[in-house]
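Worksheet: one structure, shown below.
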């Protein structure tokens, strides 16, 4: 049966396409429009008023399986991702056991295929157990299906270890995704170091804890010529370091997350543990610098850093709560505010969710041209909905945006030619 998406505004950043047209799907592929008109074997999706784009890519999320299935499992995380408009997600290795081997990588891929909601690409650990003392078997994991390497959640503190990791990753054509945090500066911190932390009496994490490691890893990328991707950028200083590195021609890309261009440390006065993230929410000046980095292309990617937790884990004193926010289902709607306000054109915003994450990982960018995989998202740019934790499909209800009215939501994803519809 032919599936026809009719009359939508088709935005395909990879091919400079932005206009009203129809998309035809046969099986799991996009096809050329047939010469004959619609037959009884065709199904039509009325996409008038909707944006039709390649399925989104989240290159940074946590699915918790194996080991922490009470927080999230691969099936629930993939389902939440599809509801958020994502057809491809990259899951970080801080599971139990850590994804530092072929067997764990293959397990994740197998579980994702069973779930079927979207494609799940594992990110392998840089070091064994993410302990920072011995490199993991990168070649074996790359062969098994790891699309990149990171010790996300923990920094690789040893510079020589990080240098070797970059060199090995380059050999296998993979990207190193760096969690930039100097542990000697961040130890014990629970929020941004500044006026608000002083007022609240909470131990702070200075911006320098991030920026010192961004500078180090940029230097190592320059030395090795390897692909470096800086995760969850949160400070103005990091944006400037990355901007200069790009001007120098260093192979560095960067991501930020919606909470860093939407929220600030002022919100922590509520002691709401759902605002406890790592790196922490920063100042208004940092928030504006992040938006500036998105506008001028310094920050290539918008990722979720989806980090689901059980309610009981967050329902404790701020100091004791784990870091992390549930983000797969609200990321696009939060980012749409940048387009609605005119800060970033819609096509460029979608590029940060599609083409740029693919290129950062060394993959072919998603496309809506005939012959491409039928991974597609339909977005209603005008729909307004209130964020309600209880209806999130993720097991992690720890959203910092409860009660916020957002404009512009995905209404359907198509993964491998199959429709996936969700009603929030």
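The values are calculated or read from the model by the stated rules, or taken from the named source; none is laboratory data. Not measured: the values here are computed from a predicted model. Glycine gets a Cβ as well: all are built from the backbone with ideal geometry, and neighbour counts include every protein chain shown.
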*Scan segment 169-192 residue by residue and report those that are surrounded by 19 or more Cβ atoms within 10 Å (Cβ to Cβ) and touching a helix residue (DSSP H, G or I) at 6+ places or on another chain (Cβ under 7 Å).*
169, 174, 175, 176, 178, 180, 181, 182, 186, 191, 192
_Single match in 92, 131 (criterion: in the same structural domain as residue 220 (by TED's automatic domain parsing), under 25 Å from residue 226 (Cβ atoms), out of contact with any helix residue (DSSP H, G or I) (no Cβ under 8 Å at 6 or more places or on another chain) and surrounded by fewer than 24 Cβ atoms within 10 Å (Cβ to Cβ))_ = 131
*Here are some residues: 368, 334. Which one is crowded, with 22+ Cβ neighbours inside 10 Å, in a helix (DSSP H, G or I) and modelled with pLDDT of 95 or more?*
334
*Hey, could you check segment 255-266 for residues that are assigned to a helix (DSSP H, G or I) and in contact (Cβ under 8 Å) with a residue 40 or more places away in the chain and say which is surrounded by the most Cβ atoms within 10 Å (Cβ to Cβ)?*
259
*Candidates 391, 325, 379, filtered to the one that is closer than 30 Å to residue 267 by Cα and at pLDDT below 95*: 391
*Meets criteria (touching a helix residue (DSSP H, G or I) at 6+ places or on another chain (Cβ under 8 Å), within 18 Å of residue 380 (Cβ to Cβ) and either assigned by TED's automatic domain parsing to the domain that holds residue 409 or at pLDDT 95 or above (or both)) for residue 53*: yes
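Report yes if some residue within segment 43-53 is more than 30 Å from residue 278 (Cβ to Cβ), assigned to a loop (DSSP other than H, G, I, E, B) and out of contact with any strand residue (DSSP E or B) (no Cβ under 9 Å at 6 or more places or on another chain); otherwise report no. Spell out the reasoning first.
Let us first name the residues in segment 43-53 that are more than 30 Å from residue 278 (Cβ to Cβ), namely 43-53.
Still in the running and assigned to a loop (DSSP other than H, G, I, E, B): 47-50.
Filter once more, keeping what is out of contact with any strand residue (DSSP E or B) (no Cβ under 9 Å at 6 or more places or on another chain): none.
No, that holds for no residue.
Under the condition of being under 15 Å from residue 194 (Cβ atoms) and out of contact with any helix residue (DSSP H, G or I) (no Cβ under 6 Å at 6 or more places or on another chain), which residue from segment 267-281 is surrounded by the most Cβ atoms within 10 Å (Cβ to Cβ)? Spell out the reasoning first.
Applying the first criterion (under 15 Å from residue 194 (Cβ atoms)) to segment 267-281 yields 267-269, 275, 279-281.
Among the residues that remain, those that are also out of contact with any helix residue (DSSP H, G or I) (no Cβ under 6 Å at 6 or more places or on another chain) are: 269, 280.
Values: 269: 11, 280: 28.
Checking each candidate, the answer is 280.
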_Test set (1) closer than 21 Å to residue 89 by Cβ; (2) crowded, with 19+ Cβ neighbours inside 10 Å; (3) in contact (Cβ under 8 Å) with a residue 60 or more places away in the chain - residue 166 fails condition number_ = (1)
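From 233, 239, 212, which residue is in the same structural domain as residue 151 (by TED's automatic domain parsing), within 21 Å of residue 273 (Cα to Cα) and either in contact (Cβ under 8 Å) with a residue 24 or more places away in the chain or crowded, with 24+ Cβ neighbours inside 10 Å (or both)? Please lay out each step first, then the result.
Working: 239 fails: within 21 Å of residue 273 (Cα to Cα); 212 fails: within 21 Å of residue 273 (Cα to Cα).
Result: 233 is the single residue among 233, 239, 212 that is in the same structural domain as residue 151 (by TED's automatic domain parsing), within 21 Å of residue 273 (Cα to Cα) and either in contact (Cβ under 8 Å) with a residue 24 or more places away in the chain or crowded, with 24+ Cβ neighbours inside 10 Å (or both).
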*Is there a residue in segment 106-118 that is surrounded by fewer than 22 Cβ atoms within 10 Å (Cβ to Cβ), touching a strand residue (DSSP E or B) at 6+ places or on another chain (Cβ under 8 Å), at pLDDT below 95 and not assigned by TED's automatic domain parsing to the domain that holds residue 398?*
yes
*Give 386, 413 a once-over and let me know the one that is without any contact (Cβ under 8 Å) to a residue 40 or more places away in the chain, in contact with a strand residue (DSSP E or B) (Cβ under 7 Å, 6 or more places away or on another chain) and not assigned by TED's automatic domain parsing to the domain that holds residue 231.*
386
*asked:* Out of the residues in segment 347-365 meeting the condition of being assigned to a loop (DSSP other than H, G, I, E, B) and without any contact (Cβ under 8 Å) to a residue 60 or more places away in the chain, tell me which one is surrounded by the fewest Cβ atoms within 10 Å (Cβ to Cβ).
replied: 364
*asked:* Residues that are under 25 Å from residue 90 (Cβ atoms), assigned to a loop (DSSP other than H, G, I, E, B) and at pLDDT 95 or above: does segment 291-298 have at least one?
replied: yes
_Residues of segment 282-326 satisfying the condition of being within 10 Å of residue 235 (Cα to Cα) and surrounded by 17 or more Cβ atoms within 10 Å (Cβ to Cβ)_ = 282, 283, 286, 287, 289, 290
*Out of (1) within 29 Å of residue 318 (Cα to Cα); (2) part of a helix (DSSP H, G or I); (3) out of contact with any strand residue (DSSP E or B) (no Cβ under 8 Å at 6 or more places or on another chain), what's the single condition that is false for residue 213?*
(3)
*Restricting attention to segment 6-39, which residues are in a strand (DSSP E or B) and either assigned by TED's automatic domain parsing to the domain that holds residue 344 or over 16 Å from residue 51 (Cβ atoms) (or both)?*
24, 25, 26, 29, 30, 31
